[in-house]
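> Quick one: the structure is below, and I'll ask about it shortly.
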Amino acid sequence: MTGPLSSLDIAALAFFLAGWVFHALGAEGHIVTRISLTRAMNAQRAAWMATMARREVRIVDTSIMTGLQQGTAFFASSSLIAVGGCFALLGASDRVLAILSDVPLAGATARPLFEIKVIGLIVILAYSFFKFGWAYRLFNYCSILIGAVPQVGPGSEPNAAIDVAVMRATRMNQLAGKHFNAGLRGVFFSIGYLGWFVDPRVFFVTTVVLLAVLIRRQFFSEARKAVLVQDSGPGNGSSIRPDSQ
């Protein structure tokens, strides 16, 4: 035993965190060469900004940005509500522990250990909230940068100033998408984290199942195939990605 945490608890938590880091690095293309859905969509973001610069009327682009902001705001508010629910869970620890004691495979959990688990869940959801909040602000900045892109005149070709403006909007859009994906990843992993409330062994299983689902979606899903339907061009993974990725 190490305080309220057993060696099995520590091993399960370490495996969970390692899986989280592995998935994040893999999706961003740092440790695997196979193109992920995230990287493919980064290329599509770049293609969108290049197409936007040639549009005379950019209503469709502002509509897309509004949709992205609304989706981000929804997840941010949901994460904040979930954090509040976790604090309420701390206040009802005895009642929850009584319920967990009747769950199959669940061993007896001391109150200090249960509170540590709840605090860990709060940390995950708070992390997701801050990622969504920052993504919302970056999408707002991206909207401004889209408005700052000069319009290409009829029959004219993009010049250096337009290319730089498109690059700025592209980088901001991809950064916003990166932080949104990080927040969403936190929400997904909070589901796997719930297995720890039952038993460390269940925690191992829920982490493995979650990783299998997320890896499939990133690298073997029909959504990825839809983006990579062409052998070349936008979506082939040769995206313009921020250096911080």
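> Per the helix-only calculation at 222 nm, which mean residue ellipticity applies to the chain, given -39500 (n - 2.57) for every DSSP H run of n ≥ 4 and division by its residues, nearest 500 deg cm²/dmol?
Only helices count here, giving -25000 deg cm²/dmol.
> Sticking with this structure for a sec: How charged is the neighbourhood of residue 11? Take every other residue with its Cβ under 13 Å from the Cβ of residue 11, and add Lys/Arg as +1 and Asp/Glu as -1.
Every neighbour counted, the sum reads -1.
> Sticking with this one: Give me the accessible area per residue for the chain, probe 1.4 Å, as a whole number in Å².
Per-residue accessible area for the chain comes out at 52 Å².
> Relative to the Cα centre, what is the charge dipole magnitude of the chain, using +1 at the beta carbon of each Lys and Arg, -1 at the beta carbon of each Asp and Glu, and rounding to the nearest 20 debye?
280
> Ignoring any ligand, DNA or RNA, what whole percent of the accessible area of the chain comes from carbon and sulfur when the probe is 1.4 angstrom?
C and S atoms contribute 67 percent here.
> Say the dipole of the chain comes from +1 at the beta carbon of Lys and Arg and -1 at that of Asp and Glu; which of 159, 176, 85 then lies farthest toward its positive end?
It is 159.
> Seen from all sides and averaged, what is the projected area of the convex hull of the Cα atoms in the chain, in nm²?
So the mean shadow area of the Cα hull is 15.1 nm².
> Apply 1/(1 + (r/R0)^6) to the Cβ-Cβ distance of residue 167 and residue 59, taking R0 = 25 Å, and write down the FRET efficiency to the nearest 0.05.
0.65
> When only the heavy atoms of the protein chains count and the probe is 1.4 Å, how do 167, 172 rank by accessible area, highest first?
167, 172
> I've got another one for you. Using a Gaussian network for the chain with springs between C-alpha atoms less than 10 Å apart, which of these wobbles most: 95, 171, 224?
In the Gaussian network model the winner is 95.
> If the cut-off is 26 Å between C-alpha atoms, which lysines fall inside it for residue 131, apart from same-chain ones fewer than 8 positions away?
117, 178
> Could I ask something else about it? Can you tell me the dipole magnitude for segment 22-76 around its Cα centre, using point charges on the Cβ only (Lys, Arg +1; Asp, Glu -1), in Debye to the nearest 20?
Approximately 140 debye in magnitude.
> Here is a further query. Let's test the formula: R0 of 22 Å, r as the Cβ-Cβ distance of residue 222 and residue 47. What FRET efficiency results, to the nearest 0.05?
0.60
The values are calculated or read from the model by the stated rules, or taken from the named source; none is laboratory data. The structure presented is a predicted model; accordingly, all values stated were derived computationally and were not measured. Heads up, the Cβs are rebuilt from the backbone with ideal geometry, glycines too, and the neighbour counts pull from every protein chain shown. Heavy atoms of the whole protein, side chains included, go into the accessibility calculation; ligands, DNA and RNA do not. Shrake-Rupley method; radii C 1.70, N 1.55, O 1.52, S 1.80 Å.
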